[in-house]
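Peer 1: Mind looking over this structure? Questions follow.
The values are calculated or read from the model by the stated rules, or taken from the named source; none is laboratory data. These numbers come from a predicted model, not from an experiment. All Cβ positions, glycine included, derive from the backbone under ideal geometry; neighbour counts span all protein chains shown.
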Amino acid sequence: MLGANDIAALWLTAQLALVTTMCLLVIGLPIAWWLANTRSRWRAPVAALVAMPLVLPPTVIGFYLLLWLGPDGAIGGLTAAAGWGTLPFTFSGLVVASVLYSLPFVVQPIENAFRSLGRAPIETAATLGAGPWDRFFTVALPLSMPGVITAAVLGFAHTVGEFGVVLMIGGNIPGVTQVASVRVYEQVESLDYLGAHALSLTLVGFSFLALLALYLLQGARGASAFAREGRQP
Amino acid sequence: MIELALRVGSPSSAFTLEVNAECPGSGTTAVFGPSGAGKTTLLRAIAGLADHCSGRLVVAGETWQDGRRAMPAHQRAVGYVAQTPLLFDHLDVAGNLRYAQRRAREPGADRFDELVALFDLESLLARRVDALSGGERQRVAMARALLRRPRLLLLDEPVSAIDAARRDEVLPYLDALARQAGMPVLYVSHDIDEVVRLADQVLVLEAGRLARFGAVTEVLGTHTAGQFAASAGSVIDARVTGIESQWSLATVAFSGGSLSVPASGFAVGDSVRVRILARDVSLALAVPEDTSIQNILRGTVAAIEDTLEPAMARVTVRVGEQLVLARVTHRAVASLSLRRGSSVVALVKTAALARRRGSLPG
């Protein structure tokens with residue numbers, strides 16, 4: 001039932017979601033840590049900026065990204081000067097857009113996890129001789145693992161589910177920027193309902209399984225399913 | 001030697017802590033005072049965990065705080081056991097202990113097995129920490145603090161979070177800790193019996209200020225602040241010289257005489273501390289006949305002070321080298337014509353014994 005273009009779109013979607021999730025964790029962990037611990041007056045503005053994609057229409061984000069990343073944009077000029085070309089209508093452009101768009105879905109669960117840790121574990125680690133990096137990786141992160149896993153699943157699923165931003169910044173180039181959601185849109189536009197069904201049902205199934213896994217994992221948290229993962233030998 | 005001159009509190013905060021003291025480089029110093037006096041804040045400041053801390057702190061020749069410059073907490077060789085100690089949930093008991101051991105600043109003999117034995121942790125090593133009882137958690141936390149190889153041990157009411165029935169499970173380990181430590185110990189407590197039992201010096205905090213600092217016998221015997229009013233009394237260092245097991249009594253001797261005290265589990269030669277509450281002491285000019293009171297000490301009046309109760313006076317009687325407090329009415333003081341230097345007989349109705357633990361020579 002799934003054609004070659006459908007498979008290509010699904011594969012591209014999976015790649016995009018995976019790369020985006022990894023970038024989101026790398027970027028999101030320090031931002032979440034800073035937001036959870038800082039007393040800076042910049043906390044509120046930064047938190048608001050991170051949360052913006054929750055509120056803004058994806059087309060607005062896509063529109064400005066298109067301008068900034070394009071050849072005449074501030075960032076586009078830099079990437080062009082650096083020899084990387086411009087990002088719109090490329091896979092890299094999709095990653096940048098997806099990372100921005102899914103940032104709150106990753107930062108907020110991790111920030112909440114860090115916040116609910118309180119100061120006690122970090123202070124205890126400090127009095128036992130652990131420096132700041134040591135404390136983060138051996139205490140804060142393992143104890144916040146449920147939040148981090150939630151964030152990763154949400155980031156991944158949200159990236160799979162995005163449409164407006166990828167359409168604006170990536171267009172609809174099969175095999176390059178045509179992700180599953182855009183492919184469904186194209187099939188519906190061309191009245192290929194059977195193809196749309198096949199791909200849509202695949203996405204429905206995936207979304208349900210991803211969320212089911214998330215809730216099962218969260219339910220198991222009481223039994224410390226995550227807590228054991230950080231155990232040292 | 002611990003040189004302590006710390007100030008904690010932001011300019012805007014209502015509570016500030018200011019403490020200046022020099023603690024000896026060994027032995028147990030009790031930090032005593034009512035809740036809200038700043039006991040925990042003092043310990044956190046010494047551990048490097050308090051915000052807005054300034055002043056000077058030198059421990060074993062190493063400067064931990066100099067003005068506003070503070071050595072970060074993780075660089076201070078301090079063993080800190082909080083009131084409800086936090087164990088890392090993501091590690092088992094052995095993992096918690098190894099966490100501290102790996103980060104011990106100074107390499108040295110591996111004390112892991114020794115401390116596991118001392119705190120009786122063998123059977124717990126593979127256990128998850130959320131399956132431990134309060135007393136077990138406390139033991140793990142104490143062993144973990146020592147594995148860090150601290151130069152100073154800070155204990156914040158280590159038994160207060162454990163219910164009374166379980167306390168006896170932990171107290172022997174605490175004694176072992178104080179004996180084993182070989183380093184100065186600062187021990188926060190609001191329990192005067194604990195202070196009598198464990199401490200060499202006592203540092204009394206009131207509303208963030210140092211109210212008294214000195215040897216336990218000296219400070220507890222003369223301190224007159226409100227928190228001591230109900231439990232005011234004197235503390236005497238003594239030695240057990242006889243046991244009358246048929247009466248469950250022990251005879252203890254000190255420079256001013258001897259006392260018979262209800263006691264069990266003591267042996268001749270034990271070093272003890274005797275605590276005599278002021279309300280259990282009456283005064284007379286001569287030894288009365290036919291009294292049920294067996295403990296009679298002769299001394300001279302060293303001071304007569306007012307108390308918070310208008311009717312009552314506190315009379316300090318010097319007995320040998322020790323001081324005994326008596327709580328009597330002003331009328332009694334007048335009718336006996338007591339004044340400084342008067343010879344009196346102190347009638348001690350009852351007293352409590354505590355075995356001396358820790359590092360003080362007997």
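Peer 1: Which pairs have Cβ atoms under 7 Å, sit 6 or more apart or on different chains, and link a residue in the stretch A:190-215 that is more than 15 Å from A:Ala152 (Cα to Cα) to one that is among the acidic types (Asp, Glu) and surrounded by 11 or more Cβ atoms within 10 Å (Cβ to Cβ)?
Peer 2: As it stands, the answer is A:Gly195/A:Asp6; A:Ala198/A:Asp6; A:Leu199/A:Asp6, since those pairs meet every condition given.
Peer 1: Please find, within the stretch B:186-203, the residue that is farthest from B:Cys23 (Cα to Cα) out of those that are acidic (Asp, Glu) and assigned to a loop (DSSP other than H, G, I, E, B).
Peer 2: For the stretch B:186-203, the residue satisfying everything is B:Asp191.
Peer 1: Within the stretch B:106-121, how many residues turn out to be within 13 Å of chain A (Cβ to nearest Cβ) and at pLDDT 90 or above?
Peer 2: Final tally of qualifying residues: 0.
Peer 1: What single numbered condition from (1) in contact (Cβ under 8 Å) with a residue 40 or more places away in the chain; (2) acidic (Asp, Glu); (3) touching a strand residue (DSSP E or B) at 6+ places or on another chain (Cβ under 8 Å) fails to hold for B:Asp92?
Peer 2: (1)
Peer 1: Next up: Determine whether A:Leu117 is within 14 Å of another protein chain (Cβ to nearest Cβ) and under 24 Å from the mean Cα position of the chain (by Cα).
Peer 2: yes
Peer 1: Among the residues of the stretch A:62-78, write down those that are of a type in the set (A, V, I, L, M), loosely packed, with under 15 Cβ neighbours inside 10 Å and under 15 Å from A:Phe89 (Cα atoms).
Peer 2: Matches in the stretch A:62-78: A:Leu67 only.
Peer 1: Can you tell me which residues in the stretch B:54-74 are among the acidic types (Asp, Glu) and either within 11 Å of A:Gly129 (Cβ to Cβ) or without any contact (Cβ under 8 Å) to a residue 40 or more places away in the chain (or both)?
Peer 2: Step one: of the stretch B:54-74, the residues among the acidic types (Asp, Glu) are B:62, B:66.
Answer for the stretch B:54-74, where residues must be among the acidic types (Asp, Glu) and either within 11 Å of A:Gly129 (Cβ to Cβ) or without any contact (Cβ under 8 Å) to a residue 40 or more places away in the chain (or both): just B:Asp66.
Peer 1: Have a look at B:Leu146, B:Leu205, B:Leu124 and point out the one that is modelled with pLDDT of 75 or more and either within 14 Å of chain A (Cβ to nearest Cβ) or on the phi > 0 side of the Ramachandran plot (or both).
Peer 2: Going through B:Leu146, B:Leu205, B:Leu124 in turn, just one is modelled with pLDDT of 75 or more and either within 14 Å of chain A (Cβ to nearest Cβ) or on the phi > 0 side of the Ramachandran plot (or both): B:Leu146.
Peer 1: Which of the following residues is closer than 22 Å to A:Phe156 by Cβ and part of a loop (DSSP other than H, G, I, E, B): A:Leu24, A:Leu65, A:Leu2?
Peer 2: The conditions single out A:Leu2.
Peer 1: Given the condition among the hydroxyl-bearing types (Ser, Thr, Tyr), loosely packed, with under 13 Cβ neighbours inside 10 Å and free of Cβ contacts under 8 Å to residues at least 40 places away in the same chain, answer yes or no: does some residue in the stretch A:32-53 qualify?
Peer 2: yes
Peer 1: Would you mind stating whether B:Gly257 is at pLDDT below 85 and under 27 Å from the mean Cα position of the chain (by Cα)?
Peer 2: no
Peer 1: Could you please tell me which pairs satisfy a Cβ distance under 7 Å, a separation of 6+ or placement on different chains, a first residue in the stretch A:168-189 that is touching a residue at least 40 places away in the same chain (Cβ under 8 Å), and a second residue that is of a type in the set (Asp, Glu)?
Peer 2: Between residues of the stretch A:168-189 that are touching a residue at least 40 places away in the same chain (Cβ under 8 Å) and residues that are of a type in the set (Asp, Glu), the close pairs are A:Ser181/A:Glu162; A:Arg183/A:Asp6.
Peer 1: For the stretch B:68-95, which positions are at the interface with chain A (Cβ under 8 Å from one of its Cβ atoms) and more than 21 Å from B:Leu155 (Cα to Cα)?
Peer 2: Of everything in the stretch B:68-95, those that are at the interface with chain A (Cβ under 8 Å from one of its Cβ atoms) and more than 21 Å from B:Leu155 (Cα to Cα) turn out to be B:Asp89, B:His90, B:Leu91, B:Asp92, B:Gly95.
Peer 1: Can you tell me which residue is nearest to B:Met183 (Cα to Cα) among those in the stretch B:26-67 that are away from chain A (no Cβ under 14 Å), touching a Ser or Thr at 6+ places or on another chain (Cβ under 7 Å) and part of a loop (DSSP other than H, G, I, E, B)?
Peer 2: The extreme case among them is B:Ser26.
Peer 1: Also: So, A:Thr59, is that one of a type outside the set (Asp, Glu), buried (at least 18 other Cβ atoms within 10 Å of the Cβ) and within 16 Å of A:Phe163 (Cα to Cα) or not?
Peer 2: No, not satisfied.
Peer 1: Okay, moving on. Condition first: under 30 Å from B:Leu132 (Cα atoms), in a loop (DSSP other than H, G, I, E, B) and charged (D, E, K, R). Can you find one or more residues in the stretch B:92-102 that meet it?
Peer 2: No, that holds for no residue.
Peer 1: Quick one: would you say B:Ala77 is touching a strand residue (DSSP E or B) at 6+ places or on another chain (Cβ under 9 Å), among the small types (Gly, Ala, Ser) and touching a residue at least 40 places away in the same chain (Cβ under 8 Å)?
Peer 2: yes
This table checks each residue for (1) at pLDDT below 90; (2) away from chain B (no Cβ under 14 Å).
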| site | (1), (2) |
| --- | --- |
| A:Ala74 | yes, yes |
| A:Leu78 | yes, yes |
| A:Gly93 | no, yes |
| A:Tyr101 | no, yes |
| A:Pro104 | no, yes |
| A:Asn112 | no, yes |
| A:Glu123 | no, no |
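Peer 1: Let me ask something else. If a residue has to be within 14 Å of another protein chain (Cβ to nearest Cβ), of a type in the set (Gly, Ala, Ser) and surrounded by fewer than 19 Cβ atoms within 10 Å (Cβ to Cβ) to count, how many in the stretch A:131-185 make the cut? Before you say what the answer is, go through the steps one by one.
Peer 2: Start the filter on the stretch A:131-185 by keeping residues that are within 14 Å of another protein chain (Cβ to nearest Cβ), which leaves A:131-149.
Next, only the ones that are of a type in the set (Gly, Ala, Ser) stay: A:131, A:140, A:144, A:147.
From what's left, surrounded by fewer than 19 Cβ atoms within 10 Å (Cβ to Cβ): A:131.
Of the residues in that region, 1 qualify.
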